[in-house]
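Each reported figure results from applying straightforward, stated rules to the coordinates on display, with no laboratory input. Note that the structure is predicted; figures quoted are calculated from it, not measured. Every residue, glycine among them, receives a Cβ derived from its backbone with ideal geometry; neighbour counts consider all protein chains shown.
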Amino acid sequence: MTRLCFSQSNWRLPSKPLRSSAYLSDSRARQHPGIVNRPWSDTPEEKGALQALQCRLQALNLSPAPDLATQIWFLRDRSLDVEETVQKLTAMTKWRQKTCPSGLTEASVAAEAATGKVVLHNGEDNYGRPVVVVRAALHRTGEWPFDGSQRLCAFMIESALRQLPDGSESMLGIFDLRGFGLANADFGFFYFMIDAFFTYYPKRVSQVLLLEAPFAFKPIWSAVKPALGKYSALVSFISVRDLCPQYFSQQTLPKIFK
């Protein structure tokens with residue numbers, strides 16, 4: 001596992017340098033079948049929204065304060081709506097304070113990471129996206145502290161964002177549902193993942209694949225789908241055989257799916 005340490009004093013969401021030419025410059029990033037964040041071109045409207053956001057954040061005195069790259073990313077997600085951006089940044093910061101009071105480190109997630117329930121693929125998909133795989137059968141309700149499971153997911157998402165190639169801004173999430181049963185039906189964890197994907201790391205997970213969903217997963221999906229709203233369109237049910245060639249080549253396919 002790559003050693004990463006995100007301290008509270010200098011906390012930021014991992015991102016590429018803010019270069020307008022980097023946004024979706026790679027053809028793979030433009031064509032992937034998932035969600036794409038609003039582009040940023042330093043227009044007067046964008047600069048005005050950023051200035052207004054910074055004034056609001058200064059008044060709120062959030063700690064740790066999100067850095068410039070994070071502010072711009074959230075503004076893009078909210079289509080320059082300053083108040084909605086403030087709400088999302090505040091929710092994310094409060095979650096961060098509660099869940100990762102001492103920062104996010106490899107050591108803080110090592111024990112649960114050793115289960116293999118969440119893994120970061122060592123390559124990219126066909127669209128240049130890093131890939132995080134959640135192996136649902138290895139997650140058992142109540143086996144690990146809930147805050148710890150949240151930290152592990154955050155660590156893996158941020159690790160994926162650290163390896164974004166130039167021109168790519170988002171990642172692919174795969175939920176491997178092979179072997180899923182009632183013992184793995186952790187509603188709290190599922191709802192946290194929704195918050196993680198759409199509130200704490202908005203538009204960073206551009207697509208979610210539900211792999212080999214068994215019949216036992218149907219009631220879970222029926223309960224969770226309404227919480228996704230319009231974003232449920234980003235979720236696809238697929239089989240292992242569908243991963244190639246749509247998302248991976250035989251060479252880049254994660255080993256657990258071969």
Gyration tensor (Cα) of segment 104-257, equivalent ellipsoid semi-axes in angstrom:
21, 19, 16
Under a plain spin-label model, where a point goes 7 Å from the Cα along Cα-to-Cβ, how far apart in nm are Lys218 and Asp147?
3.9
For the Glu106, Ala183 Cβ pair and Förster radius 22 Å, calculated FRET efficiency rounded to 0.05 is 0.20
Which of Gly116, Gly148, Gly229 ends up with the largest GNM mean-square fluctuation for the chain, with Cα atoms connected below 10 Å?
Gly229
Segment 51-67 versus segment 152-201: alpha-carbon centroid distance in Å
27
Relative contact order, percent, of the chain when contacts are C-alpha pairs under 8 Å separated by at least 6 residues?
22
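Treat the count of other C-beta atoms within 10 Å as a stand-in for reagent exposure and order Ser102, Ser168 from fewest to most.
Ser102, Ser168
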Sum up the lysine pairs in the chain that clear both bars: alpha-carbon distance under 25 Å and a spacing of 8 or more or different chains.
21
Which FRET efficiency value, to the nearest 0.05, is calculated for Ser79 and Asp242 with the Förster distance at 41 angstrom and r the Cβ-Cβ distance?
0.80
Put a dot 7 Å past each Cα toward the Cβ at Ile256 and Lys98; how far apart are the dots in nm?
2.8
Under the rule of at least 5 residues apart or a separate chain, name every residue whose amide H is placed under 5 Å from the amide H of Val205.
Met171
Take the chain, connect every pair of alpha-carbon atoms lying under 10 Å apart with a spring to form a Gaussian network, then pick out the residue of Leu50, Leu120, Leu75 with the largest mean-square fluctuation.
Leu50
Work out the FRET efficiency for Ser41 and Arg162 from their Cβ-Cβ distance, taking R0 = 22 Å, and round it to the nearest 0.05.
0.30
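Per DSSP H run of at least 4 residues, take -39500 (n - 2.57); add these up for the chain, divide by its residues and hand me the 222 nm value, nearest 500 deg cm²/dmol. Write down the numbers at each step before the final one.
Working: 9 runs with 99 residues, N = 258.
About -11500 deg cm²/dmol.
Only four residue types carry charge here, +1 at the Cβ of Lys and Arg and -1 at the Cβ of Asp and Glu. Report the dipole size of segment 104-257 about the Cα centre in Debye, rounded to the nearest 20. Write down the numbers at each step before the final one.
Numbers: 14 positive and 14 negative charges, 70 e Å.
Computed charge dipole of segment 104-257: roughly 340 debye.
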